[in-house]
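*Asks:* The following block contains the structure, expressed as structure tokens.
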Amino acid sequence: MKLEKIQKGSLVETAIERLRSAIEQRYWLVGTRLPVEADLSESLGVGRNTVREAVRVLVYVGMLETRQGDGTYVRATQEAGEALRRISRSELRDKLEVRIMLETEAARLAAERRTGSDLQIMMAALDARARAGKDIDQQIAHDQAFHQALVAASHNTALTEMYGYFSESITQTIEQTELNNDVPGPAQEEHELLLAAVRQQDPVKAEALARAMLQPSLAAFQRYRRKIEGELSAPKNAIKESR
């Protein structure tokens, strides 16, 4: 892939897009060192300051990494913001499946590693969830706080970071299961049972309960989607029958 020289418009923005496109299309693979600033400047037809600023932005979003005295390397082929946008656009089924995977493992680890402080935070979140009653916004907020505390109680930094990265989609699944009567979410009692298993340090039971909490929502969504698809296809079938 040959980098095209920039003609008009915002030089920095265009340089960012050209470099991002080259990285996304694997012109440079992850771990590859980029050409020196002078070569990039010549390839793009812009000044070194423009290239320097474009590289700085791509370092900031996590696509590039600058190593002092060594050069600039490709760190990822996709920026975190775009990955988050793609995740947010995925359907509820996909989000629920990922959430089940993350929270099931978190529950197992939390049962093994939780501290007294972890229990206090989870208990406070569940108590607040119960007090929220029919205030859906508050219920959703405290529900999310409980699950975040559960993941934090796993004391696995990578898992906690991953869950935080996925947090916007977690919120979306909670909102949809609370607001959509066709896809009901877990009840307060189910949360209490999970907390009890974590308190008793029973990883097998905690893992099973965490998985069981969201499986009904996933199954209900599958039925709901088939129902909608059936309704959408009904007019077409009617037309065929009329012929």
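*Asks:* What residue, of I140, I136, is buried (at least 19 other Cβ atoms within 10 Å of the Cβ) and among the hydrophobic types (A, V, I, L, M, F, W, C)?
*Replies:* I140
*Asks:* Could you check, for the stretch 133-144, whether at least one of its residues is at pLDDT below 80, in a helix (DSSP H, G or I) and out of contact with any strand residue (DSSP E or B) (no Cβ under 7 Å at 6 or more places or on another chain)?
*Replies:* no
*Asks:* Still on this structure: Considering each of R108, R114, R89 in turn, give the residue that is of a type outside the set (D, E) and without any contact (Cβ under 8 Å) to a residue 60 or more places away in the chain.
*Replies:* It is R89.
*Asks:* For L159, indicate whether it is over 30 Å from R18 (Cβ atoms) and crowded, with 20+ Cβ neighbours inside 10 Å.
*Replies:* When the stated conditions are applied, L159 does not pass them.
*Asks:* Note down all Cβ pairs under 9 Å where the first residue falls in the stretch 124-143 and is farther than 18 Å from L195 by Cβ and touching a residue at least 40 places away in the same chain (Cβ under 8 Å), the second is surrounded by 14 or more Cβ atoms within 10 Å (Cβ to Cβ) and among the charged types (D, E, K, R), and they're at least six residues apart or on different chains.
*Replies:* What qualifies is I136/E175; I136/E178.
*Asks:* Given A208, A187, A153, which one is touching a helix residue (DSSP H, G or I) at 6+ places or on another chain (Cβ under 7 Å), hydrophobic (A, V, I, L, M, F, W, C) and in the same structural domain as R114 (by TED's automatic domain parsing)?
*Replies:* Just a single option satisfies the conditions, and that option is A153.
*Asks:* For R67, indicate whether it is over 27 Å from D182 (Cα atoms) and out of contact with any Leu (no Cβ under 9 Å at 6 or more places or on another chain).
*Replies:* The answer is yes for R67.
*Asks:* Oh, and also: Please verify whether L159 is closer than 13 Å to L102 by Cα and modelled with pLDDT of 85 or more, treating the condition exactly as stated.
*Replies:* yes
*Asks:* Count, please, the residues in the stretch 162-192 that happen to be more than 17 Å from the chain's Cα centre (by Cα) and at pLDDT 85 or above.
*Replies:* Going through the stretch 162-192 one residue at a time, the tally reaches 7.
*Asks:* In the stretch 45-101, which residue that is hydroxyl-bearing (S, T, Y) and touching a Ser or Thr at 6+ places or on another chain (Cβ under 7 Å) is modelled with the lowest pLDDT?
*Replies:* That would be S88.
*Asks:* Could I ask something else about it? So the check is Cβ under 6 Å with 6+ separation or different chains; which pairs have a first residue in the stretch 57-78 that's within 20 Å of L11 (Cβ to Cβ) and a second one that's among the acidic types (D, E)?
*Replies:* Taking only residues 6 or more apart or on different chains, the pairs are V61/E79; M63/E79.
*Asks:* Another question, if that's okay. With (1) at pLDDT below 95; (2) closer than 12 Å to A107 by Cα as the list, and A197 as the residue in question, which single condition is left unmet?
*Replies:* Just one mismatch for A197, condition (1).
*Asks:* Could you list all residues from the stretch 33-44 that are surrounded by fewer than 16 Cβ atoms within 10 Å (Cβ to Cβ) and either modelled with pLDDT under 90 or over 35 Å from the mean Cα position of the chain (by Cα) (or both)?
*Replies:* A38, D39, E42
*Asks:* Here is a further query. What pairs come out if I take residues in the stretch 5-24 that are at pLDDT below 90 and pair them with residues that are among the polar types (S, T, N, Q) whose C-beta lies under 7 Å away, six or more apart or interchain?
*Replies:* Between residues of the stretch 5-24 that are at pLDDT below 90 and residues that are among the polar types (S, T, N, Q), the close pairs are I6/T14; L11/T50; V12/T50; E24/T77; E24/Q78.
*Asks:* Hey, among the residues in the stretch 45-78 that are of a type in the set (D, E, K, R) and within 29 Å of the chain's Cα centre (by Cα), which one's nearest to Y165 (Cα to Cα)?
*Replies:* Per the criteria, the residue is R75.
*Asks:* Hand me the list of helices (runs of 4 or more DSSP H) wholly inside the stretch 31-120 holding 2 or more residues that are under 30 Å from R225 (Cα atoms).
*Replies:* 80-89, 92-113
The values are calculated or read from the model by the stated rules, or taken from the named source; none is laboratory data. Just so it is clear, the model here is predicted, and its values are computed rather than measured. Cβ atoms come from the backbone with ideal geometry, glycine included; neighbour counts cover every protein chain shown.
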